[in-house]
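Notes follow the structure.
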Amino acid sequence: QVQLVESGGGLVQAGGSLRLSCAASGRTVSRYAMGWFRQAPGKEREFVAAIRWSGDNTYYADSVKGRFTMSRDNRKSTVYLQMTSLQPEDTAVYYCAAEEFGPLSLPDPDYWGQGTQVTVSS
């Protein structure tokens, strides 16, 4: 079993920055690719970014590439999403996800966090 807990959401003005955190726990956490999704009101869930616990590869949706950056702290079993140049269209609930042996596209996550709200004002 893997448990995911997100934090770091909040209200920010357009052009500002936020850093989201996802703390992962479980015996087999290292098997999982880790990523972020978001869902805005009335819209479908959208993939944002992903990372693994080893190596240097990351993967980003085109909509956030160049603005968002994923990173990790293996000792804390925590992954991060550094969000910069935020725009109102980034407003959504952001969910952490984990997929066992998953590709970085995370097509079928096995576990989800509870979500954290990000609101960007104009």
Item to complete: Working carefully through the options ARG72, ARG52, ARG27, find the one that is over 16 Å from the mean Cα position of the chain (by Cα) and within 20 Å of GLN3 (Cβ to Cβ).
Response: ARG27
Worksheet entry | Criterion violated by GLU6 - all others in (1) among the acidic types (Asp, Glu); (2) touching a Leu at 6+ places or on another chain (Cβ under 7 Å); (3) open to solvent by 40 Å² or more (accessible area, probe 1.4 Å) satisfied | (3)
Fill in: Number of the exception - TYR59 against (1) over 23 Å from GLY42 (Cα atoms); (2) aromatic (Phe, Trp, Tyr); (3) open to solvent by less than 50 Å² (accessible area, probe 1.4 Å)
(3)
Item to complete: Report, by residue number, each residue of the range 25-51 that is in a strand (DSSP E or B) and either in contact with a helix residue (DSSP H, G or I) (Cβ under 9 Å, 6 or more places away or on another chain) or not hydrophobic (A, V, I, L, M, F, W, C) (or both).
Response: SER25, TYR32, GLY35, ARG38, GLN39, GLU46
Fill in: Filter pass, TYR59 being touching a Ser or Thr at 6+ places or on another chain (Cβ under 7 Å), outside any loop (DSSP other than H, G, I, E, B), under 20 Å from ARG31 (Cβ atoms) and not hydrophobic (A, V, I, L, M, F, W, C)
yes
Worksheet item: What pairs can you find where one residue is in the range 36-55 and acidic (Asp, Glu), the other is modelled with pLDDT of 95 or more, and their Cβ atoms are less than 9 Å apart, with a gap of 6+ or different chains?
Response: GLU46/PHE37; GLU46/ARG38; GLU46/GLN39; GLU46/ALA40; GLU46/ALA61; GLU46/SER63; GLU46/ALA92
Worksheet item: Of all residues in the range 65-102, how many are of a type outside the set (S, T, N, Q), open to solvent by 60 Å² or more (accessible area, probe 1.4 Å) and assigned to a loop (DSSP other than H, G, I, E, B)?
Response: 3
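The values are calculated or read from the model by the stated rules, or taken from the named source; none is laboratory data. From a predicted model like this one, the values you see are computed outputs, not experimental measurements. Glycine also receives a Cβ, built like all others from the backbone with ideal geometry; neighbour counts cover every protein chain displayed. SASA here: full protein model, heavy atoms, side chains in, ligands and nucleic acids out. Shrake-Rupley method; radii C 1.70, N 1.55, O 1.52, S 1.80 Å.
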